[in-house]
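Quick note: the coordinates plus some simple rules give every number you see, no bench work behind them. Source: prediction; values computed, not measured. FYI the Cβ positions are ideal-geometry reconstructions off the backbone, even for glycines, and counts take in every protein chain you see.
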Amino acid sequence: MKRMCSTLMIGLTLVLAACGKTNPMLEQYPDYIGQWQSQHDSLKIEKNGQVTYKHHAHQDQKTPESEVSLTEQADMKASITQFDENSFAIGQGDLGKNFKVDHTPYQENEQWKMQVNGQVYTKQ
């Protein structure tokens, strides 16, 4: 029984240590890690390499003849598959998404910001 408890404790310690590790692709880019928000999107980059991306945009178009309401939504969580100062990707193929880094993380008025895919994100 004592040996089983000891083995269990070692296993739990290894799991917790793995959760705290930074993904090797992010080690050179720690400023990207965190929760980011733009006008229509949220982007959560975890140090273990998991990324949660949410997009929600709504637009109403009115003309004298018609009224159209458009809604775009995306919600995905995937691992980083590529990361450098120009771009990063999550997931694979049709189930993935590419992000073009227009401006790397920078500080403005004591807030961290970055520009990705043409949108300015603010770190929460």
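When both residues are 6+ apart or on different chains and their Cβ atoms are under 6 Å apart, which pairs have a first residue that lies in segment 41-52 and is at positive phi, and a second that is outside any strand (DSSP E or B)?
Between residues of segment 41-52 that are at positive phi and residues that are outside any strand (DSSP E or B), the close pairs are Gly49/Asn23.
If you go through segment 68-80 one residue at a time, how many are surrounded by fewer than 15 Cβ atoms within 10 Å (Cβ to Cβ), out of contact with any Lys or Arg (no Cβ under 8 Å at 6 or more places or on another chain) and within 18 Å of Gln50 (Cβ to Cβ)?
1
Filtering segment 103-119 down to residues that are closer than 19 Å to Ile33 by Cβ, in contact (Cβ under 8 Å) with a residue 12 or more places away in the chain and exposed (fewer than 15 other Cβ atoms within 10 Å of the Cβ), which residue is farthest from the chain's Cα centre (by Cα)?
As a first pass, look at segment 103-119 and keep what is closer than 19 Å to Ile33 by Cβ: 103-108, 110-117, 119.
This time we only want the ones that are in contact (Cβ under 8 Å) with a residue 12 or more places away in the chain, so: 103-105, 111-112, 114-117, 119.
From the residues that got through so far, the ones that are exposed (fewer than 15 other Cβ atoms within 10 Å of the Cβ) too are 103-104, 111.
Values: His103: 16, Thr104: 14, Gln111: 18 Å.
If we take residues in segment 103-119 being closer than 19 Å to Ile33 by Cβ, in contact (Cβ under 8 Å) with a residue 12 or more places away in the chain and exposed (fewer than 15 other Cβ atoms within 10 Å of the Cβ), then Gln111 is farthest from the chain's Cα centre (by Cα).
Look through Thr52, Thr71, Thr81, Thr104 and report the one residue that is over 23 Å from Thr22 (Cβ atoms) and not in a loop (DSSP other than H, G, I, E, B). Break it down into steps so the answer makes sense when it comes.
Details: Thr52 fails: over 23 Å from Thr22 (Cβ atoms); Thr81 fails: over 23 Å from Thr22 (Cβ atoms); Thr104 fails: over 23 Å from Thr22 (Cβ atoms).
Answer to the selection: Thr71.
Step by step: first the residues of segment 43-97, then only those that are of a type in the set (Gly, Ala, Ser) and farther than 18 Å from Leu26 by Cβ, then the one that is farthest from the chain's Cα centre (by Cα). Which residue is that?
Ser66
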